[in-house]
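One structure below.
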Amino acid sequence: MPRAIGLIPARSGSKRIVGKNIRSLAGHPLLAYSISSALESGVFEKVVVSTDLASYGTIAAHYGADAIYRPPEMSSDTSPDIEFVEHALRVCPGFDAFAILRPTSPFRQAATIKRAWREFVDANCHSLRAVEKCHEHPAKMWAVANGYLHPLLPLVAGSAGAPGHSSQYPTLPPVYVQNASLEFCWTETVRRYHSIAGEVISAFLTYDAEGFDVNFAYDFEIAELMVARGEATLPEIKVPVFAGA
């Protein structure tokens, strides 16, 4: 079986929500749920949090992950993922594959990771990426030029032949959007293509809350409400709440 490492990116400089990756959700820092599901899955020989701040590394260690510290130039809001991935693979060599498990996807379960790992290993691909069917079809999106609307996808039509922007959703071709749940990739793909995707990308379909992404303040409120109503379940955390959370 290939050797895999789980990479959890948790830089400190979030602008939309300050300290997003360690903000409390149901009593624990957000990144704790990604650590818990990664460890519980049994897929990874090593689970690491890639961060730029020592206090984040302390939290990672409390919840059972190792921490690696990336340089500031790899930690801005414009830094591409390939930078922290290549840094992590240099610091932790010897793995055949890796997963990116973003802290903003707290409802991703160990079972989700195991299902994705099986699909990835069995697929003839460079990488695998979590996607879900989009709720807002791009055929109904527009660009604005000189004050006039222009359909973003002018050639897409519904099954009845009407323009996509004037068709009912069920008549439009299925379109999928990536979410933050997970990505698997071979380390050879990174070496060969300088990419976390490569050229052959397998689709991993997420369901229900598996792909729920926390990016704005109201997303935390929604997530708390989903838990309170029993509409979603967070990964079980088996260690006490971090004292500084």
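Rule-based calculations on the coordinates, nothing more; no lab input. This structure is a prediction, so every number in the text was calculated from the model and none was measured. Glycine also receives a Cβ, built like all others from the backbone with ideal geometry; neighbour counts cover every protein chain displayed.
Observations on the model:
- When shorter helices are ignored and each DSSP H run of at least 4 residues is given -39500 (n - 2.57), the per-residue value for the chain at 222 nm works out to -8000 deg cm²/dmol.
- The stretch 196-245 and the stretch 113-163 have Cα centres separated by 22 Å.
- DSSP-assigned coil residues among trypsin sites (Lys or Arg not before Pro) in the stretch 15-94, each with at most 10 further Cβ atoms within 10 Å: LYS15, ARG16
- Candidates per trypsin sites (Lys or Arg not before Pro) in the stretch 176-245, loop by DSSP, up to 14 other Cβ within 10 Å: ARG229, LYS238
- Considering only the chain, percent of DSSP beta bridges that pair antiparallel, nearest 5: 50
- Per-pair calculated FRET efficiency, R0 = 25 Å: ALA228 and VAL175 via Cβ, rounded to 0.05: 0.20
- Listed by number, the DSSP H helices of the chain that run 30 Å or longer by alpha-carbon position along their axis and have mean Kyte hydropathy of at least -1.0 come to an empty list.
- Longest exposed-site-free window of the chain, the sites being GluC sites (Glu not before Pro) in a DSSP loop that have at most 15 other C-beta atoms within 10 Å: 46-135
- Quick note on the chain: its Rg to Rh ratio, both from C-alpha atoms and Rh being the Kirkwood radius, is 1.00.
- Summary: within the chain, the longest segment free of chymotrypsin sites (Phe, Trp or Tyr not before Pro) located in DSSP loops with at most 16 other C-beta atoms within 10 Å is 1-206.
- For the stretch 1-79: rounded, prolate or oblate by the Cα gyration tensor [a/c cutoff 1.5]: oblate
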